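Here the structure is laid out as structure tokens; the discussion comes afterwards.
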Amino acid sequence: MAEEKTKAALLKEKLMNHPKTIKKLTAEEIAAADAFCEDYKAFLNASPVEREAVRYTVGLAEKAGFKPYAPDAEYQPGDRVYYTNRGKAIALAVIGKQGVKNGARLAIAHIDSPRIDLKPNPLYEDSGLALFKTHYYGGLKKYQWTAIPLTLHGTVVKLDGTSVDIVWGDGEDESCFCVSDLLPHLAQEQVTKPMAKAFTGEDLNVLIGSRPFAEGTDQDNDLVKLNVMSILNEKYGITEGDFLSAELCLVPSFKSKDVGFDRSMIGGYGHDDKVCAYPAAAAALALETPENTCITYLTDKEEIGSDGNTGMQSDFLRYFIYDLARQDGVEGYHALSKSTCLSADVNAAFDPTYASAFEAKNSCYLGGGVVISKYTGHGGKYDTSDASAEYMGQIRALLENNGVEWQIGELGRVDLGGGGTIAKYVANMNVDVVDLGVPVLSMHAPFEIVSKTDVYMAYRAFFEFFKA
Ligand code: MN
Ligand code: MN
């Protein structure tokens, strides 16, 4: 016979929150998550830099019946369009029955990730080695980028106006590049320095060659550099001056891998924020005709403050919505004021090894579901839009009512540091917005970790949000 519950136990059940670190999902949910993540890994592997993420997304969109957006075309409910911004950001829109008269439903993620960019004058030779000078992009712990294989991705524009895409170092048999580090035997001074000084930005020099040009003589200098330039010229038709009009990035050369005996996690480069970008895009691709026009926007430059015409502070998305509003016979600013947004970005998962950096009661946990961050920013809630109680209530109910596993998450302990997302720029457009995304371990490291079921729950959250 079942034991009768005490009065206190019954009241507890009714009134108290029951936070569980790990939610137990059904076998079907786990299988669906595993399958979804195979497609996610393909996206992640193909998209180290934003241009590649855009190209891959265009491919997925065209397969799903999306057509390039034409501002003068007449769109009907159910029409599916994509709109790219300078090849580095992309909007996917499914036109709703009401268009944007009652606002658009927005899911916005970023497709740039921390990495190492080449300087405009990168190439030099020193002590018989050819190297690249670099300037890191986004927040890195520099030492993590030493002594690992790196691959070069990017675009070079030549003087004649033609451009060439470069991908070097991805293939199993291809050569790669790396940043050297000092051997421990001679590192007694280095290891006693504070981490910020042990390895500085100007130390991120990338090793790219060591063999002199074969036909050089003792009178010639910089023969190793010349040899590298001659290889690049042969393969891509570029000269050293072409580095001045290029966007070339070094990213880890390894592919994503399942992590753990149970294969429950994925390790890889650039989860922040492709792990939200892919589910947000997939939700738009899976959508039939929604009530309100739904837009997934994958933006650039978040890691360096969302500045620039491909970043979230640009007017690109605003004007896109204005164009859609004009079609629907409403003012763009009215459409914006009724719009709602999920700012799709990652949060830091609680790490038991670094527990003191977190406040356990308000942290998100790997495997605990999609994470809502009411606010980001830093000490005293500076630099954040802080979602309203009303909007939090709406999103919380949406997730609860549709069986989407979710949790709340604050980024680390108060006054320890902080960080931001695109949410505040969206809020500035007079849109209701909250951060919703995937918890990540080792954020901004070359090999970041996420949970497969969290990735899938992010997809389910965006889909239910669009459908509602
Ligand atoms: Mn991010
Ligand atoms: Mn980031």
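The values are calculated or read from the model by the stated rules, or taken from the named source; none is laboratory data. Source: prediction; values computed, not measured. Neighbour counts are summed over all protein chains in view; Cβ atoms, including those assigned to glycine, are modelled from backbone coordinates with ideal geometry. Side chains included, ligands, DNA and RNA excluded: accessible areas come from the protein's heavy atoms. Shrake-Rupley method; radii C 1.70, N 1.55, O 1.52, S 1.80 Å.
Tell me, which strands (runs of 3 or more DSSP E) wholly within the stretch 80-135 include 3 or more residues that are crowded, with 24+ Cβ neighbours inside 10 Å, within 16 Å of ligand 1 (Cβ to nearest atom) and assigned by TED's automatic domain parsing to the domain that holds T421?
By residue number, 105-110.
Which pairs turn up if I take residues in the stretch 341-366 that are open to solvent by less than 40 Å² (accessible area, probe 1.4 Å) and look for partners that are within 16 Å of ligand 2 (Cβ to nearest atom) and hydroxyl-bearing (S, T, Y) with beta carbon separation below 6 Å, at least 6 apart in sequence or on another chain?
Pairs found: S343/T421; D345/T421; N347/S373.
Condition test on I408, is it among the hydrophobic types (A, V, I, L, M, F, W, C), open to solvent by 30 Å² or more (accessible area, probe 1.4 Å) and within 25 Å of E464 (Cα to Cα)?
Answer is yes for this residue.
Hey, among the residues in the stretch 136-150 that are within 16 Å of ligand 2 (Cβ to nearest atom) and open to solvent by 50 Å² or more (accessible area, probe 1.4 Å), which one's nearest to A196 (Cα to Cα)?
Checked the stretch 136-150; the qualifying residue nearest to A196 (Cα to Cα) is K141.
Which residues, counting only those in the stretch 377-405, are open to solvent by 50 Å² or more (accessible area, probe 1.4 Å) and within 16 Å of ligand 2 (Cβ to nearest atom)?
Result: H378, D383.
S306 passes all but one of (1) hydroxyl-bearing (S, T, Y); (2) on the phi > 0 side of the Ramachandran plot; (3) more than 16 Å from ligand 2 (Cβ to nearest atom); which number fails?
(3)
Any residue in the stretch 163-184 that is in a helix (DSSP H, G or I) and on the phi < 0 side of the Ramachandran plot?
Yes, that holds for at least one residue.
Which condition from (1) open to solvent by less than 40 Å² (accessible area, probe 1.4 Å); (2) without any contact (Cβ under 8 Å) to a residue 24 or more places away in the chain; (3) hydroxyl-bearing (S, T, Y) is the one that Y297 breaks?
It fails just one condition, (2).
Give the number of residues within the stretch 377-394 that are part of a loop (DSSP other than H, G, I, E, B) and either free of Cβ contacts under 8 Å to residues at least 40 places away in the same chain or touching a Pro at 6+ places or on another chain (Cβ under 8 Å) (or both).
4
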